1. When B:PHE109 is evaluated against the numbered criteria (1) in a helix (DSSP H, G or I); (2) modelled with pLDDT under 95; (3) of a type outside the set (Gly, Ala, Ser); (4) surrounded by 17 or more Cβ atoms within 10 Å (Cβ to Cβ), which criterion, by number, is the only one it fails?
2. Go through region A:146-174 residue by residue and tally those that are touching a strand residue (DSSP E or B) at 6+ places or on another chain (Cβ under 7 Å) and under 30 Å from B:ASN166 (Cα atoms).
3. Report yes if some residue within region B:108-117 is in contact with a Phe, Trp or Tyr (Cβ under 9 Å, 6 or more places away or on another chain) and under 30 Å from B:ALA164 (Cα atoms); otherwise report no.
4. Looking at region B:196-235, which of its residues are of a type in the set (Asp, Glu) and either under 22 Å from A:ARG177 (Cβ atoms) or not in a helix (DSSP H, G or I) (or both)?
5. Consider B:PHE186 carefully, then state whether it is more than 26 Å from the chain's Cα centre (by Cα) and under 30 Å from B:VAL120 (Cβ atoms).
6. Given (1) buried (at least 24 other Cβ atoms within 10 Å of the Cβ); (2) part of a helix (DSSP H, G or I), identify the lone condition not met by A:ASP152.
7. Against the definition (in contact (Cβ under 8 Å) with a residue 60 or more places away in the chain and either aromatic (Phe, Trp, Tyr) or surrounded by fewer than 17 Cβ atoms within 10 Å (Cβ to Cβ) (or both)), how does A:LYS2 come out, yes or no?
8. Under 7 Å by Cβ, and 6 or more places apart or on different chains, what pairs join a residue from region B:9-25 that is without any contact (Cβ under 8 Å) to a residue 40 or more places away in the chain with one that is in a helix (DSSP H, G or I)?
There are 2 protein chains.
Amino acid sequence: MKITLLGSGNVATHLGEAFKKAGHEIVQVWSRTAKNAAVLANSLQCGYTNHISDLSAEPDIYILSVPDDSITETALKFPFPEKILVHTSGTTGLEVPGISGVFYPVQTFSKSTKLDLSLVPIAIEGKDQEVERLLLELGGSISSRVVKLNSDQRKALHVAAVFACNFSNHLYGIAERILESKELSFDLIYPLILETAVKVQGNSPASVQTGPAVRGDQKTLDKHLQFLDTNPALKELYERISQSIINFY
Amino acid sequence: MKITLLGSGNVATHLGEAFKKAGHEIVQVWSRTAKNAAVLANSLQCGYTNHISDLSAEPDIYILSVPDDSITETALKFPFPEKILVHTSGTTGLEVPGISGVFYPVQTFSKSTKLDLSLVPIAIEGKDQEVERLLLELGGSISSRVVKLNSDQRKALHVAAVFACNFSNHLYGIAERILESKELSFDLIYPLILETAVKVQGNSPASVQTGPAVRGDQKTLDKHLQFLDTNPALKELYERISQSIINFY
């Protein structure tokens, strides 16, 4: 297919690389910032523009990967109402004017990290069968798992992803600060973090929950809260999440 | 070395297997529950007892892996004051009567999961140099990373581990429930969970934080909170952790 990317952030970068690798032709990269468009266009060896009115009409599909709060604004300026424009957001639906579908890769993207998308689920939704057929084909060219979800399901998937990914990463960040406060290296918990993630690939998290809260080990909880006395915000977060575990089990 | 295990839970099971594999001789397993002692002793091909007074005096070291709130009680009944008895707790120190040292593997243990301990850090502490030398040697026989930490550092490490592991696993569990509420399979986020954990092996979590909270994307946060309206406890947890992310960055 011929594809143009609108956006030059993490999602656009990783999708662009995967599309190119799958043999698609990237026609253009558009970004509000010419420099960002140029960087991605250079790595994908295609044209670029920062004027949305300069978009080529040639592509079969336009993939809009911009922050959620810029989707509507960008879609309204998109010059080809008859062309297929899809966004990549988990939380936004089909209600945006000009949007024909959704192509949501269920993954966390950072520019610094190389990614293999072949096992990453792609959640798609189209306003009609023609769009859905196209998205299934495009998704299937870069991933072995393409699922048709409605907007409500996709929102649930996105909220779940925030808990499992964004929030977990924040907890890793808190752990790093706690370790640094005692001059300990964060890499001491690399194997622990990895094993925690590996263990739920095939086990329900509830069946492998460990730690003082699920054991009802109040003595250890109290010692940890005492340790966190000097940081009231962390102490409160520790209490809240422990209480959530206790209520859950 | 000749080793006796006091306890038959997840930690005792995984350490016992690693010790045996490293060529040590497991002399006995003790557990309050004869059946549990028998199961582990059977897999380690050694003797067992549920009477602490029946312990053999032969071993060089006794590894006490029981819940934190049973450590003191068990240590007080240990019949050989001249022998080396160490516990495996992150949070308990050397203050327990009869305890000579600590052998704390920085990992999460579930019986259902096979584990390679060779890359798992072992945090050790001894009441004197002789104990420390023995623990360094024992740790070095099953892991390439043995670190000498004092009790305060080890407590920090344990609190960090609770955030990074126990709490993350709980968030995975919440994600699973959210997915199930819309008849979606938890395995849709397997790659996401794994990538989140892999990404911080070499990157500071703060440098790879993604999601609506760190972007200051209030519109998406509001949509997610609205989605969670039917579950006030989850909604509050979402708000708290998002606020913690906003304050952190």
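The values are calculated or read from the model by the stated rules, or taken from the named source; none is laboratory data. All figures in this text were calculated on a predicted structure; none of them were measured in a lab. Cβ: placed from backbone, ideal geometry, glycine included. Neighbour counts: every protein chain shown.
1. (1)
2. Step one: list which residues in region A:146-174 are touching a strand residue (DSSP E or B) at 6+ places or on another chain (Cβ under 7 Å), which gives A:146-151, A:154, A:157.
Subset that is under 30 Å from B:ASN166 (Cα atoms): A:154, A:157.
The qualifying residues number 2.
3. From region B:108-117, those in contact with a Phe, Trp or Tyr (Cβ under 9 Å, 6 or more places away or on another chain) are B:115; that's our starting set.
Adding the requirement that they be under 30 Å from B:ALA164 (Cα atoms) leaves B:115.
Yes, the conditions are met somewhere in region B:108-117.
4. We begin by selecting, within region B:196-235, every residue of a type in the set (Asp, Glu); these are B:217, B:222, B:229.
Listed by number, the list holds a single entry, B:ASP217.
5. Values: more than 26 Å from the chain's Cα centre (by Cα): no; under 30 Å from B:VAL120 (Cβ atoms): yes.
Judged against the criteria, B:PHE186 is not a match.
6. Going through (1) buried (at least 24 other Cβ atoms within 10 Å of the Cβ); (2) part of a helix (DSSP H, G or I) one by one, A:ASP152 breaks only (1).
7. On the way: in contact (Cβ under 8 Å) with a residue 60 or more places away in the chain: no; either aromatic (Phe, Trp, Tyr) or surrounded by fewer than 17 Cβ atoms within 10 Å (Cβ to Cβ) (or both): yes.
The answer is no for A:LYS2.
8. Hits for this filter: B:GLY16/B:LEU40; B:GLY16/B:LEU44; B:LYS20/B:LEU44.
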